[in-house]
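Novice: My questions all concern the structure below.
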Amino acid sequence: MLGHWYGRGVKGKTLVCFDAHLDVQFIAADRIQRLLDAESVVQVERLAKPHHLFPEQGFSYSIEDFLYAAFRLGIIERLVWVAPPHVSIEHSASSIDELTQMKGVALADAHSFRLIAPGASDAIAGQLLGLPITICRHNDLARLNLPTDTLIDIDIDYFVSLPGDQLGTDPAVIAATLDALPLNDPQRTISLSYHSGFLPHRFRPLASDLVRHWTGRSVTLPDVPNCPTQKACAVAARMLDVSLDTVMQWAMESQQIDGRVVGLNGSAETQQAITATAFGLLWVELRRVDRAMHCYQIAAQGLGYQGELALEIGKALCDLDQHRRAIEFLADATRDDKTCAAAWYFGAIAHHSLCLHQEAIQWAERAHHETPLWSAPMSLLSDLYQQTGDRERAAAFVQKNKSTRAAITATT
């Protein structure tokens, strides 16, 4: 989608995005710079990860953070995320606390969120990573005074209700909602997430239905074979509420990893690595860390490393008191923007458990640097400095934690 907007010279727009996920995450400056230096659609599209489970190194964005990339490129200046009914919109201390664990979030972001119409709607507005954002339901759109040239993007996974993967919202309702808005021939785009495993195949025709509604023309989507890997991606990414027997069956199908990854171009080794990553995440969820580590070996052969799987294995090994082994995996997880803060924090805990206090301090300081509002690293640092006899720094982090928490709490 980023290449589509870039190629059409879109600039400074408001985007209304119907999606089951908020595709805004921090992207480091060097990765953004590669996008800013791009001079063609081809160059922009080459900077996209071929699959969301690819490591970040060498790429600038993916389906999980492309809206932040669009903001930094000046394509959009405001985002309206229309969340589906099964996704909670919550303006509370706990939701703000979760926000502080995200890399790049500043106190100004945490301060900014407010209810738009208290008592009438649960919609909220604020800024995230500097991007002005409104989070609402489809029936809130009419009250937002949208610009007449607003962009519309619909990810078909918006219509899929969890748990159970059932149709949660009638596409005709959304089409009628958009038709009623005072927009001048808005640019409408439709995204399908079945390549990544976020969208079950049986819902693909919904895209054709929407196109037919707006254009009167039928569209036939190319057929893509289903496979166990897609199921693994879906479970690993969304933690579907399915029976353990079902998940075990999918996981058992991965014993002969054949590299069949829906929609992924690349070498057989790369395809096999993505497959192994998806099933590795499943094995961690099933608490079979040994099998997850075997999958990680395969993933690392094809990708070099895999931050998400490395982080989950590292956390699981910490739970098993296998801290030295955990550190090896957590070190890999520090290499990606998405996973680095949590990896530095859990690595600090692992070093602390091994009584390696100076190393623990170094890792905790990195976690705090990446997420300066997150309370957990500050609490850990105050404890570590206290244990190493640096009472002045221990007291400083206690005070810093209290003042930060007070500032954040004042926003809710």
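Novice: Going Cα to Cα from K103, which aspartates and glutamates come in below 13 Å? Please leave out same-chain ones fewer than 8 positions away.
Specialist: Hits, sequence-local ones excluded: D65, D336, D337, E370.
Novice: In whole percent, what relative contact order does the stretch 2-215 give with Cα contacts below 8 Å and a gap of six or more residues?
Specialist: Normalised by residue count, the contact order of the stretch 2-215 is 22 percent.
Novice: Counting only other residues whose beta carbon sits under 15 Å from that of H91, what net charge do I get with K and R as +1, D and E as -1?
Specialist: Neighbour charge sum, excluding H91 itself: -4.
Novice: A further question on this structure: Mind running the shape call on the stretch 2-215? Use the C-alpha gyration tensor, a ≥ b ≥ c as the square roots of the eigenvalues: rounded below 1.5 for a/c, prolate if a/b tops b/c, oblate otherwise.
Specialist: Cα axes put the stretch 2-215 in the rounded bin.
Novice: As a footprinting exposure proxy, order Y385, Y296 by other Cβ within 10 Å, with the fewest listed first.
Specialist: If I rank by nearby Cβ atoms, fewest first, I get Y385, Y296.
Novice: Rounded to the nearest Å, what's the spacing between the alpha carbon centres of the stretch 10-54 and the stretch 300-368? Just the number, please.
Specialist: 27
Novice: Less than 14 Å Cβ to Cβ from F113, Lys/Arg counted +1 and Asp/Glu -1: what total charge do the surrounding residues give?
Specialist: Details: positive: R114; negative: E90, D97, E98, D109, D122.
Value of the local net charge: -4.
Novice: Considering only the stretch 2-215, what is the antiparallel percent among its DSSP beta bridges, to the nearest 5? Intermediate results must be reported in sequence, preceding the final value.
Specialist: Numbers: 9 of 28 bridges.
Of those bridges, close to 30 percent are antiparallel.
Novice: Turning to a different aspect of this structure: Could you point to the residue in A20, G104, F66 farthest towards the positive end of the stretch 2-215's charge dipole, with +1 and -1 charges on the Cβ of Lys/Arg and Asp/Glu respectively?
Specialist: Value computed over the given set: F66.
Novice: If you rank D321, D97, D336 by fewest surrounding Cβ atoms within 10 Å, what's the result?
Specialist: Numbers: D321 9, D97 18, D336 21.
The most exposed by this proxy come first: D321, D97, D336.
Novice: Can I ask one more? Fewest Cβ neighbours within 10 Å first, please rank I274, I116, I361, I313 accordingly.
Specialist: Numbers: I274 30, I116 17, I361 21, I313 27.
Least crowded to most crowded, the residues run I116, I361, I313, I274.
Quick note: the coordinates plus some simple rules give every number you see, no bench work behind them. What you see is a predicted model, and the numbers here were worked out from it, not measured in a lab. Neighbour counts run over all protein chains shown; Cβ positions are idealised from the backbone, glycine included.
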